[in-house]
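Beneath this line is the structure, given in structure tokens, with notes to follow.
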Amino acid sequence: MFTDTYLPVNSECMSMIRCAECHANIPVPAELEARTMKCQYCGATQPVPDLLAREHALLQRKILEQEERERTTRALIDQQDRREAAVERKKSIRWGRITAIFTMLLAPTIIAITVYDLPARLGFGDAGADRVSIVAEQLKGRGCTVLSGSKSEYATGAVTKLLPGAKGCVRVLAAGGPNQHSLTIRIFNGDGKEVGKSASSADPQLEYCTTTEGTLRYEVVPGMLDKGRLTHMALACPAAAAAPAEAPPATTNPKKHK
């Protein structure tokens, strides 16, 4: 039979146990993984006396090793996160500098465009009023009368005007300043239906004749890249004056509109 008697052999932490067969003293293995021990005299094998304690110690060691691996993994992840955050900060700083430089380079251009366009916005400069006035005088000589007076304004999009009580033939005139080269006139009836459209020009004209009295609406539409001042007006003309009056050539030198 096996015996569980421990016999200390020296001052070190090594224990001895008697062999169950020959009763010789054999040392208890120090390795926690050991499950059996063999007698060096008779070769008999018996289990270690502290098997449960060894299994508990092994379990504790595995838990500690797992905790250490988790701490190492977390440390590596934190280190990687810090590196990525540093890279993102550098990118943000770099793009911030590029944006600041781009803004500084672009700001004078924006200011120059605004300053260049400011007189037109304030109502100064050529708006094509002289050319509209010349054509209107020609049409008046053919019997036309003013239905809506000449109006000059700054426009980057379509400008519109209502003509209440229109009857007979209505002729709409328009002319643009130096930055309005592609104007188009459109006329709409009381139902909002487009009844006429002119070709694109710096001095467009459009005539529409109706036998019923009603409210018409016309639009002067600048080209996609056009902006600046333009002038428009409408006249009521007899049918005999249907032939369009010739528009004077557009001026190239802007001047203050009076």
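A compact table of results
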read-out: Burial order of peptide ranges 31-41, 176-186, 159-169 (average beta-carbon count within 10 Å, highest first); value: 176-186, 159-169, 31-41
read-out: Rough spin-label spacing in nm, given labels placed 7 Å along Cα→Cβ, for Glu70 and His56; value: 2.2
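FYI, it's all coordinate maths here, none of it is from the lab. Remember, it's a predicted structure, so these values are computed and weren't measured experimentally. Ideal geometry is used to build each Cβ from the backbone, glycine not excepted, and the neighbour counts take in all protein chains shown.
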